[in-house]
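Before any comments, here is the structure.
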Amino acid sequence: MMMTLGMFVFSLSSLAYQDFRRQTSYRHASQNRIGLRPANQYLGPGDDKITLSGWYTTELASGMISMDTLRLMAERGEAWPLIEGTGRIYGLFVIEELEETKTVFFPDGHPRRVEFSLQLKRVDDDRVDLLGSLLNIGLNLLR
């Protein structure tokens with residue numbers, strides 16, 4: 001297991017990412033002053049975004065089902081705990097964007113190679129009401 005987003009497991013058999021990119025911003029307010037440099041005040045942390053990207057081959061991984069699962073999770077708009085395989089907890093994240101590019105096709109149009117990029121955005125950790133429900137995702141997958 002590389003990482004989990006809610007109950008979705010990133011692994012070699014499901015969806016393995018090759019790149020992990022994290023961008024964290026911090027908020028500072030500025031107030032202009034006459035004859036002096038602007039006064040600045042630290043307001044706290046800003047957006048915390050993580051991008052997971054990689055590729056899979058349809059012969060070796062169940063990536064198509066994994067991508068559909070991530071789309072269902074994103075469409076619910078709920079937050080999911082992001083936990084690394086080492087046990088590191090990053091916090092609650094929503095799926096902001098999911099991109100896939102299909103290349104190298106079989107004669108029937110089925111892709112051999114699929115590149116993906118998943119953008120996650122951290123939300124307030126104290127908002128338990130945003131947590132996604134595994135049961136609802138499972139039921140939607142069965143439909």
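A Cβ distance below 7 Å, combined with a sequence gap of six or more or placement on separate chains, defines the contacts here; from region 41-62, residues that are among the polar types (S, T, N, Q) reach residues that are in a loop (DSSP other than H, G, I, E, B) in the pairs 53/17; 53/18; 58/110; 62/13; 62/14.
Could you check, for region 82-90, whether at least one of its residues is among the charged types (D, E, K, R) and within 30 Å of residue 26 (Cβ to Cβ)? Checked against the condition, which is being among the charged types (D, E, K, R) and within 30 Å of residue 26 (Cβ to Cβ), region 82-90 yields at least one hit. Do the conditions hold for residue 52, that is, is it more than 11 Å from the chain's Cα centre (by Cα) and among the aliphatic types (A, V, I, L, M)? So residue 52 fails the test.
Values in this text are rule-based calculations from the coordinates and carry no lab data. Bear in mind the structure is a predicted one, so any value in this text is a computation, not a measurement. Because the Cβ atoms are built from the backbone with ideal geometry, glycine has one as well, and the counts that use them run over all protein chains shown.
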